[in-house]
Amino acid sequence: MGLISLGLTEIQVGAISEDGGEAKTYKKIGKTYQNTCKLVQESADVTEHYEEGQSAPEVRKRKKKVPILTFSIMDPDVEFLKAYLGGTVAGDADEAEWSWSDTDENIEASIRAVPEVGLVYTIPRADIEAVLNAEMSSQGINLVDFTVTPLKPKKSGVATIKAKKKTSSFPG
């Protein structure tokens with residue numbers, strides 16, 4: 001029997017466990033912009049081998065692709081920019097200033113997409129690519145767009161991506 005999954009409550013993030021497994025605790029990453037969260041798996045790469053002159057393949061080899069999570073977070077502050085785009089923050093409170101880093105920084109974390117009802121998707125070890133998307137107009141908004149790619153966890157026995165029904169006790 002199917003399980004209906006609707007809406008999005010929040011995206012959660014946590015530090016990957018020291019043993020290479022899933023985060024022990026999670027927190028809300030920020031305000032997810034409306035209608036931007038998607039978990040999409042592209043079709044597999046396929047290699048086919050044919051006998052000369054034949055239209056049907058003798059053998060077909062598939063290599064599946066992991067689902068990719070994309071979403072946008074609105075209204076980032078300087079600490080958020082540092083955490084997900086890299087760089088540094090100098091100063092405090094209203095004087096805090098984020099500075100761009102000219103070098104790439106690998107940012108990994110555990111990520112969870114929590115719906116209103118249905119399946120909670122968890123990525124125990126995720127590569128996080130975040131990019132600025134600030135529309136500077138009277139109707140625009142400051143966004144950070146995320147592309148989250150599941151990576152194989154360093155702890156053995158931990159799945160690359162998991163789904164579990166949301167209940168009154170999960171996620172905690």
Would segment 1-67 count as rounded, prolate or oblate if I go by the C-alpha gyration tensor, calling it rounded below 1.5 in a/c and otherwise prolate when a/b exceeds b/c, oblate otherwise?
prolate
Loop-located trypsin sites (Lys or Arg not before Pro) in segment 64-172 whose Cβ has at most 15 other Cβ within 10 Å (DSSP):
LYS64, LYS65, LYS154, LYS155
Here is the link list: LYS38/LYS164; LYS38/LYS63; LYS61/LYS154; LYS64/LYS166; LYS82/LYS155; LYS82/LYS166. Which ones come out longer than 24 Å on Cα distance?
LYS61/LYS154; LYS64/LYS166; LYS82/LYS155; LYS82/LYS166
Hull volume per residue for segment 28-102, using the convex hull of the C-alpha atoms, in Å³ is 143 Å³
Separation between Cα centres of segment 16-92 and segment 98-165, rounded to whole Å:
7 Å
Report, ordered by chain and residue number, the aspartates and glutamates lying within cross-link reach of LYS31, taken as a straight Cα distance under 16 Å and ignoring same-chain residues fewer than 8 apart.
GLU10, ASP75, ASP77, GLU79, GLU116, ASP145
Starting from segment 1-57, pick out the GluC sites (Glu not before Pro) whose DSSP state is loop and whose Cβ has at most 13 other Cβ atoms within 10 Å.
GLU18, GLU42, GLU51, GLU52
Ranking VAL66, ALA130, GLY86 by how far each Cα lies towards the positive end of the charge dipole of segment 32-172 (+1 on Lys and Arg Cβ, -1 on Asp and Glu Cβ), the top one is VAL66
With Rg from the Cα atoms and Rh as the Kirkwood inverse mean 1/r over Cα pairs, segment 10-165 has an Rg/Rh of 1.09
Name the residue from VAL40, ILE161, VAL148 whose Cα lies farthest towards the positive end of the charge dipole of the chain, charges +1 on Cβ of Lys and Arg and -1 on Cβ of Asp and Glu.
ILE161
Mind checking the dipole of segment 10-165: about its Cα centre, +1 per Lys or Arg Cβ, -1 per Asp or Glu Cβ, Debye to the nearest 20?
1180 debye
Just ALA90, ALA56, ALA134 to compare: in a GNM of the chain, with alpha carbon springs under 10 Å, which one fluctuates most?
ALA56
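Laboratory data are not the source of any read-out in this text; all were calculated from the coordinates shown. Keep in mind that what you see is a predicted model, and the values were worked out from it rather than measured. FYI the Cβ positions are ideal-geometry reconstructions off the backbone, even for glycines, and counts take in every protein chain you see.
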